[in-house]
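Read-outs: derived from the displayed coordinates by stated rules, not from any lab. Here the structure is a predicted model, which means the values were calculated and not measured. So basically every Cβ, Gly included, is an ideal-geometry build from the backbone, and we count neighbours across all protein chains shown.
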Amino acid sequence: MPTIIYYRNKCIGCGICFEMQPELWRLSKKDGKVTLLWSVAKKDLFILPVNKDLEQQCREVANACPVKIIKIS
Amino acid sequence: MVKKTIELLSPVGSFDCLQAAIKAGADAIYFGVEQLNMRTRSSGGFSISDIQEVAAICKKAGIRSYITLNTVMYEHDMQLLQTILKEVKKRGIDAVIASDFAVIEYCRQLQIPLHISTQANVSNIEAVQFFSAFADVVVLARELTLKQVAHISKEIKRKHIIGPAGQLVKLEAFVHGALCMAVSGKCYLSLHSQNASANRGACIQNCRRTYTVTDTETQESLLIDHEYIMSPKDLCTIDMLDQLLLSGISVLKIEGRSKGSDYVFTTTQCYREAINAIEDKAYTTEKIENWMKRLATVYNRGFWEGYYLGRKMGEWASQPGSVATEKKVYVGRGSKYYPRKKIGEFLIESGTVKVGDQLMISGPQLGMAREQMLTLTVNGVLADQAVKGDKITFPVEAKITVKDKLYKIIDN
């Protein structure tokens, strides 16, 4: 199962992930950064396993992130 | 002419740099927190919780501290912006540097002193007059000539333009550091190519590379003549600082929040000495040569005097990175300090060091210190050389902590 690994601390709040995949990402009004929905926090990382059919779209989102803090493994 | 009203403003991207700036004689520092500043990507960055410590360190050292909040602001940034501004007000940071009207308005409401950022591209007296309703200091656009600066400064006095604090509006200008090809940093190159907006502090600096032009008809590629056509050399005004001060600039700003403590220390120290020399009427060619030599030892892309003398075209860098005459190589980190004997212990993690090497130590407590290694003890035994894995001790003046990093200085 592909997994999204998101390093939230370095998010600059550009919102591209939220624009591309609104079902998984939300812009937090509290600190202007993006939150990965239903993810589990592990230290500074946020981790979310996703369905195989979402992998391609997730990779596109990871690629679009300007600060490259989204990884798919 | 020049009175003791000139303020030297140094860039601070980490606690190492903060201490280095204080040690080198800065009058004020500027720094950014979280993602709402123009060096979000490149500098290690402070968080909201660091504001208190930065303010406390600056107050203790008797210098002023300014916080940059000068990115483009979106609706979803407002909550974070307010949180930061409340903390700024509470901890007594001296001013906010901003260009977005939301920040300007919040600062007015919270009565936080405001400086208008160079991002606002202030290039004429009317703009200064407009901003004087909100700000006591205006950072001028980097593209102005000295003549234009002098005119603005004269008009401020003639029209008696005063800021909210009740004093004449002060002019601030960049005196040293990186320039970019875009007018007042408003560049979209990084955004278009990598989706990384320079105006949100995420610039990937693709202007600093070489490019080829391809003829779409013949597919022939040509390397552009000026190899780095979009990468200007760095600004350096130490040889014309007297003219700059005469034009009426009273805050001299050094660029470089993403650079190391050695850069902050050397540039701040050189400009401090230069300002003092001008004030003491001892600003000589020999001194200028010496400063230029020292400035060339730290990160730079080659120097030019910017647009101040009315140059139409920028001078382009000859290579992608720094042309500094010295470079620092990481060798290890601090582990212990013996205060009575003034001896520091370090663990070598990379490369080698030997007796006679020029070393640099960078850390959040001591800022930046240069040492020449005169004697060296490796794992308790006197030796000439140490390699990776060795514990070494040698005499150091400054107190060493585990957060200090040890670098070897080598000629570039």
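Semi-axes of the equivalent ellipsoid of the stretch B:144-284: what are they in whole Å, largest first, if each equals the square root of 5 times a C-alpha gyration tensor eigenvalue?
Working: eigenvalues 265, 76, 52 Å².
The equivalent ellipsoid of the stretch B:144-284 has semi-axes of 36, 19, 16 Å.
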What's the extension gain from A:Glu55 to A:Lys68 if we count 0.36 nm per residue and subtract their Cα-Cα distance?
-> 3.0 nm
With runs of 4+ DSSP H residues as the only contributors, calculate the mean residue ellipticity of chain B at 222 nm using -39,500 (n - 2.57) per run, divided by the residue total and rounded to the nearest 500.
-> -8000 deg cm²/dmol
Pick out, from B:Asn412, B:Ala202, B:Val96, the residue whose Cα sits farthest towards the positive end of the charge dipole of the protein assembly as shown, with +1 on the Cβ of Lys and Arg and -1 on the Cβ of Asp and Glu.
-> B:Val96
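Expressed as a rounded percentage, what relative contact order does the stretch B:242-354 have, with Cα pairs under 8 Å and six or more residues apart? Mind dumping the intermediate values first?
Numbers: 83 pairs, mean separation 19.1, N = 113.
That works out to 17 percent.
Expressed as a rounded percentage, what relative contact order does the stretch B:345-394 have, with Cα pairs under 8 Å and six or more residues apart?
Values: 94 pairs, mean separation 23.5, N = 50.
Normalised by residue count, the contact order of the stretch B:345-394 is 47 percent.
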Between B:Lys147 and A:Ala41, what is the spin-label point distance in nm, taking each point 7 Å from the Cα along the Cα→C-beta axis?
-> 5.9
DSSP-defined antiparallel bridges as percent of all bridges, the protein assembly as shown, nearest 5 | 65
Where the Cα pairs of chain B fall when distances are cut into 20 Å bins, in % = 25, 55, 19, 1
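Got the relative contact order for chain B handy, in percent, Cα pairs under 8 Å and 6 or more residues apart? Write out the running numbers ahead of the final one.
Numbers: 908 pairs, mean separation 70.1, N = 412.
Once divided by the residue count of chain B, the mean separation gives 17 percent.
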Radius of gyration, Dmax [the stretch B:326-411; alpha carbons; angstrom] = 11.3, 33
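At 4 °C and a viscosity of 1.567 mPa s, what translational diffusion coefficient does Stokes-Einstein give for the protein assembly as shown, taking Rh as the Kirkwood radius over Cα pairs? Give it in µm²/s as a whole number.
D, rounded to a whole number, is 53 µm²/s.
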Per the Kirkwood definition applied to all pairs of different Cα atoms, how many angstroms is the hydrodynamic radius of the stretch B:195-258?
-> 15.7
Would you mind computing the Rg to Rh ratio of the stretch B:255-317 from its alpha-carbon coordinates, Kirkwood style for Rh?
-> 1.00
Can you tell me the dipole magnitude for chain B around its Cα centre, using point charges on the Cβ only (Lys, Arg +1; Asp, Glu -1), in Debye to the nearest 20?
-> 1240
For the stretch B:118-207, the convex hull over Cα atoms projects on average to an area in nm² of 6.4
Taking every Cα atom in chain A, find the radius of gyration and the maximum pairwise distance Dmax, and write them in Å.
-> 11.0, 32
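Could you estimate the translational diffusion coefficient of the stretch B:1-118 from the Stokes-Einstein equation, with Rh from the Kirkwood formula over C-alpha pairs, at 4 °C and 1.567 mPa s, in whole µm²/s? Display every interim value, and only then the final one.
Numbers: Rh = 14.4 Å.
Reported coefficient: 90 µm²/s.
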